[in-house]
1. For the condition touching a helix residue (DSSP H, G or I) at 6+ places or on another chain (Cβ under 6 Å) and either over 27 Å from GLY40 (Cβ atoms) or in contact (Cβ under 8 Å) with a residue 12 or more places away in the chain (or both), what is the one hit in ALA171, ALA185, ALA233?
2. All but one of (1) buried (at least 18 other Cβ atoms within 10 Å of the Cβ); (2) at pLDDT 95 or above; (3) in a helix (DSSP H, G or I) hold for THR140; state the number of the condition that does not hold.
3. Could you check ILE18 against (1) in contact with a Ser or Thr (Cβ under 6 Å, 6 or more places away or on another chain); (2) outside any loop (DSSP other than H, G, I, E, B); (3) of a type outside the set (Phe, Trp, Tyr); (4) under 24 Å from VAL144 (Cβ atoms) and say which number it fails?
4. I'd like to know if region 69-90 contains one or more residues that are assigned to a loop (DSSP other than H, G, I, E, B), within 25 Å of ALA193 (Cβ to Cβ) and modelled with pLDDT of 95 or more.
5. Among the residues of region 123-140 satisfying the criterion of being among the basic types (Lys, Arg) and free of Cβ contacts under 8 Å to residues at least 60 places away in the same chain, which is nearest to LEU74 (Cα to Cα)?
6. Of everything in region 21-43, what is over 15 Å from the mean Cα position of the chain (by Cα), in a helix (DSSP H, G or I) and under 24 Å from PRO186 (Cα atoms)? Give them in sequence order.
7. If you go through region 91-122 one residue at a time, how many are more than 20 Å from ALA185 (Cα to Cα), touching a residue at least 12 places away in the same chain (Cβ under 8 Å) and either aliphatic (A, V, I, L, M) or touching a Leu at 6+ places or on another chain (Cβ under 6 Å) (or both)?
Amino acid sequence: MNGLNDRTALVTGASRGIGQEIATRLAARGALVIVHYGAGEDGAKATVGEIERGGGTALAVQAELGVDGDVERLFAGVEAALAGRPLDIVVNNAAAQPAGPLGVTTRAEFDHLFAVNVRAPYFIIQRALPLLRDGGRIITISSVATRMANPAQTSFAMTKGAIETMSLTLANELGARGITVNAVAPGATRTPANDSFFEAPGLAGFIAGSTALDRLGDAGDVADVVAFLASDAARWITGQVIDASGGLFLGPRT
């Protein structure tokens, strides 16, 4: 299934995990993909290499998010990669990980979370809008943490709640241009980057047993949802949070 031929896409945090899978999915459907990375240059090169081996086109752009000048640096690379072409798809995937529960989170950790997870996507969208073609797609990765009470992820969940509100309001603002704005909320998603986390005794089994579809998710499960939202088939979906968790913690399983 192609369907994204002649489209251009920016995927942040595409050097590993879910972001890497999203980038390869969009490229496989025909999009030119700008692979953003922060510190993972080798991973970004691997993403570009995988796309090129599959017959696609990709370019890597480096910018550390959450610091002064981050969006300006990112879009200097984006505009160079686009070479005058418009942008069609923006996927805000890059995110800082949970800093811990209320009792241990420092002010610096809290500020970093919001700088990467909220401020950066907001201003990436602001900066992308003049480049974004009418009928474009904006997709931001949220988390099921927004619908569950997990004391270890309070500040992280707060950032993702902000992303979901942003997506709702921007969908209403940008709809006149035919631009759809949605969020995708993964649950427990096993990737090479976090594989060791799920090796804790009993953890993988507990999470699978708490998931309606009875298994852990993988990056491809999430990437396929993003690819759908980026396609013409999703043209009538906007302002939504799509749960891509396999039904994690929907309720007691009998």
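1. After ruling out the rest, the residue left standing is ALA185.
2. For THR140, the failing item is (3).
3. Condition not satisfied by ILE18: (1).
4. No, region 69-90 has no match at all.
5. Per the criteria, the residue is ARG127.
6. ALA27, ALA28, GLY43
7. Qualifying residue count for the region: 1.
For every residue, the table says whether it meets (1) at pLDDT below 95; (2) assigned to a helix (DSSP H, G or I).
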{"position": "GLY161", "(1), (2)": "no, yes"}
{"position": "THR165", "(1), (2)": "no, yes"}
{"position": "THR169", "(1), (2)": "no, yes"}
{"position": "LEU174", "(1), (2)": "no, yes"}
{"position": "ALA183", "(1), (2)": "no, no"}
{"position": "PHE197", "(1), (2)": "yes, yes"}
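The values are calculated or read from the model by the stated rules, or taken from the named source; none is laboratory data. On a predicted model such as this, the values are computed, not experimentally measured, just so you know. Cβ coordinates were reconstructed from backbone atoms using ideal geometry, including for glycine residues, and neighbour counts include every protein chain displayed.
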